[in-house]
Amino acid sequence: MNNMKKRDLELYLHIPFCVKKCNYCDFFSAAGSREEQEAYVQAMIQEICGYKDSLHSYEVKTVFLGGGTPSLLSERQAEELFQSLYDSFTIQKDAEITMEVNPGTVNLEKLKQYKAVGVNRLSLGLQSARNEELQRLGRIHTYEDFLATWNFTEKAGFENRNIDLMSALPGQTMESWEDTLEKVIALEPEHISAYSLILEEGTRFYHWYQEGKFDSGEWKLPSEEEEYRMGEWTIERLAKAGMERYEISNYARTGQECRHNLGYWDRVEYLGIGAGASSLLRNRRFSHIRNRKTYIEAIHEKQPIETEEELLSEESQMEEFMYLGLRKVNGISKEKFERTFQKPISEVYGTVIEHFQAEHLLECKGDRIFLSRRGMDVSNYVLAEFLLGE
């Protein structure tokens, strides 16, 4: 009998369909017909079945369905997709299985069915509780639609739910952000992700920003000082509500942290399924074809679906260990670094660590190295210094 311990694995399933592309979104997603969605789901199932023999040395600890809008999947499609996962992988009994849900795309029956096939955590994309802000973002729902969806999640018996929020939006004020956060806190979610808006190239927002649309009037972007105030108030207010910050943009009640994301920041191996998904297996990083039609055709014709591959050098692995691990509030373990790379952290990063300690941006306590509160505010600047050979 083989008692060898299986390796931990996380699964990410990419559903690149949405009702309508939001104005700020740079994810690989777009609207699509029901026929295309069905063909895509069947191709994913075929891809999943292809891993049955090659990945039997792994045990899946988390599954995350992201997009796009995974909650556009019909009950039957979700059932078939999950059946193929259970047939092809060893999935831990207490695996965290998350699905992203857009308000207005589910009803009570649909949520009950998702729960029946194994989904035990939901991530709801609210972004704002103010309808005028949602409209500017190009969201398809109102705050009232969100509340109806939230009500369905309660009735369906979900007890682990995240709400996604965005601050520093066009036309947003400190008062409107406080209003959004207070309304969300009153719902008592188990987890909140609160991100600052980033203007990504290729989005409508980026185009409008370059045109000067955000310089004045009702679309005016908050100043850097206002954005900072929003962030500081968020940390304090959520702590008071019993939600501790455990990563730069994530807050949770004790024991309700997102295990999938924690695995990603701790460099647990993960497999991406679907068009545009990326993977990290035994320090080999690779991604899939980003075109839905080409992905479906390649699966049917049994052609390769990988487009980019990189074998990570030890240097790259060390960089990832630091700049992913330091996103977490409790940072990284010196002992784990030494165990992983067979050398003390001081040998590789001693100077950088000392420099940021002196600037009060990094702290060292016992085995842990972590960003200070001030360091979190300028995390991009600090994390960039852990890139070797720059």
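Under the √(5λ) rule applied to the eigenvalues of the Cα gyration tensor, what semi-axes describe the equivalent ellipsoid of segment 16-168? Give them in Å, descending. Spell out each step's value before the answer.
Values: eigenvalues 156, 63, 39 Å².
Taking √(5λ) for each eigenvalue gives 28, 18, 14 Å, largest first.
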Projected convex hull area of segment 9-97, Cα atoms, direction-averaged, in nm², equals 6.1 nm²
Probe radius 1.4 Å, ligands and nucleic acids ignored: give me the carbon and sulfur share of the accessible area of segment 144-269 as a rounded percent. 45 percent
Can you list residues from other chains, or at least 5 along the same chain, whose modelled amide H is less than 5 Å from the amide H of Asp8? Glu59
Mean accessible surface per residue for segment 74-189, computed with a 1.4 Å probe while every protein chain stays in place, in Å²: 38 Å²
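Determine the dipole magnitude for segment 69-156: charges of +1 sit on the beta-carbon of Lys and Arg, -1 on that of Asp and Glu, nothing else is charged, the reference point is the Cα centre, and the result goes in debye to the nearest 20. Can you show the working numbers first?
On the way: 10 positive and 13 negative charges, 19 e Å.
About 100 debye.
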Going toward the positive end of the dipole of the chain, with +1 on Lys and Arg Cβ and -1 on Asp and Glu Cβ, which of Met243, Leu81, Cys18 do you reach last? Leu81
Can you list the residues, at least 5 places off or on another chain, whose amide H is less than 5 Å from the amide H of Gly138, using H built in the peptide plane? Asn23
Label point distance in nm, Tyr228-Lys93, each placed 7 Å from Cα along Cα→Cβ: 5.2 nm
FRET efficiency (Lys21, Glu75; Cβ distance; R0 22 Å; to 0.05) is 0.30
Provide the per-residue ³J(HN,Hα) series for segment 331-340, in order, calculated from phi with Karplus coefficients 6.51, -1.76, 1.60 and θ = phi - 60°, each as a whole number of Hz, with x at glycine and proline positions. x, 10, 9, 5, 5, 5, 4, 5, 5, 6
Determine the gain in length on full extension of the stretch Lys52-Glu178; use 0.36 nm per residue of separation and subtract their C-alpha separation, reporting nm with one decimal. 40.5 nm
So, with points 7 Å from each Cα along the Cβ direction, the Ser196-Ser216 label distance in nm works out to 2.5 nm
Label zone at Glu310 (point 7 Å along Cα-to-Cβ), backbone N below 18 Å, segment 341-385: 383-385
Euclidean distance between Cα centres, segment 190-265 to segment 1-77, Å: 26 Å
Quick one: net charge around His191, please, counting Lys, Arg +1 and Asp, Glu -1 for every other residue with C-beta under 15 Å from its C-beta. -3
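Using only helices, what value at 222 nm comes out for the chain when you add -39,500 (n - 2.57) per DSSP H run of length 4 or more and divide by the total residues, to the nearest 500 deg cm²/dmol? Write down the numbers at each step before the final one.
Values: 15 runs with 159 residues, N = 390.
Rounded to the nearest 500, it is -12000 deg cm²/dmol.
Taking 0.36 nm per residue of separation and subtracting the Cα-Cα distance, what length does fully extending Asn107 through Arg204 add? Present the calculation step by step, with values, prior to reporting the outcome.
Values: separation 97, 0.36 × 97 = 34.92 nm, distance 3.02 nm.
Stretched fully, the Asn107-Arg204 segment lengthens by 31.9 nm.
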Describe numerically, in nm with one decimal, the distance between label points set 7 Å from Cα along Cα→Cβ at Arg7 and at Val378. 3.9 nm
Within 10 Å of each candidate Cβ there may be at most 12 other Cβ atoms; applying that plus a DSSP loop requirement, which GluC sites (Glu not before Pro) in segment 163-261 survive? Glu200, Glu201
Positive end of the charge dipole of the chain (Lys, Arg +1 and Asp, Glu -1 on Cβ, about the Cα centre): tell me which of Leu280, Ser372, Met230 has its Cα farthest that way. Leu280
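Please express the shape of the chain as an equivalent ellipsoid: the semi-axes are the square roots of 5 times the eigenvalues of the C-alpha gyration tensor, given largest first in whole angstrom.
Equivalent-ellipsoid dimensions as semi-axes: 31, 30, 21 Å.
Roughly how big is the chain's charge dipole about its Cα centre, with Cβ charges of +1 (Lys, Arg) and -1 (Asp, Glu), in debye to the nearest 20?
980 debye
Counting DSSP beta bridges in the chain, what percent are antiparallel, to the nearest 5?
Details: 23 of 57 bridges.
Among the beta bridges of the chain, antiparallel pairing accounts for roughly 40 percent.
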Looking at segment 298-371, which GluC sites (Glu not before Pro) are DSSP coil and have at most 13 other C-beta atoms within 10 Å of their C-beta? Glu301, Glu359
Under the Karplus relation 6.51 cos²θ - 1.76 cosθ + 1.60, θ = phi - 60°, what is the ordered set of whole-Hz ³J(HN,Hα) values for segment 208-217, x standing for Gly and Pro? 5, 4, 5, 6, x, 5, 8, 7, 7, x
Given pairs Lys6/Lys61; Lys61/Lys93; Lys240/Lys365 and cut-off 18 Å on Cα-Cα distance, the over-length ones are Lys240/Lys365
Compute the Cα gyration tensor for segment 200-280, then decide on rounded, prolate or oblate, letting a ≥ b ≥ c be the square roots of its eigenvalues: rounded whenever a/c is under 1.5, prolate when a/b is larger than b/c in the other cases, and oblate in all that remain. oblate
Carbon plus sulfur fraction of accessible area for segment 1-139, probe 1.4 Å, in percent: 50 percent
Name the trypsin sites (Lys or Arg not before Pro) in segment 21-129 that are in a loop by DSSP and that have at most 16 other C-beta atoms within 10 Å, would you? Lys21, Lys52
Any cysteines in the chain with zero other Cys Cβ atoms under 4.7 Å from their Cβ? List them, or say none. Cys18, Cys49, Cys258, Cys364
Classify segment 251-390 as rounded, prolate or oblate from the Cα gyration tensor: take a ≥ b ≥ c as the square roots of its eigenvalues, call it rounded if a/c is under 1.5, otherwise prolate when a/b beats b/c and oblate if not. prolate
Using the Karplus curve 6.51 cos²θ - 1.76 cosθ + 1.60 with θ = phi - 60°, work out ³J(HN,Hα) for each residue of segment 103-115 in order, rounded to whole Hz, and write x for Gly and Pro. x, x, 9, 9, 10, 4, 4, 4, 5, 4, 5, 4, 5
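The values are calculated or read from the model by the stated rules, or taken from the named source; none is laboratory data. Fair warning: this is a prediction, and the values are worked out from it, not measured in the lab. As a convention, Cβ positions derive from the backbone with ideal geometry for all residues, glycine included, and neighbour counts pool all protein chains shown. In case anyone asks, the SASA skips ligands and DNA or RNA and just uses the protein heavy atoms, side chains included. Shrake-Rupley method; radii C 1.70, N 1.55, O 1.52, S 1.80 Å.
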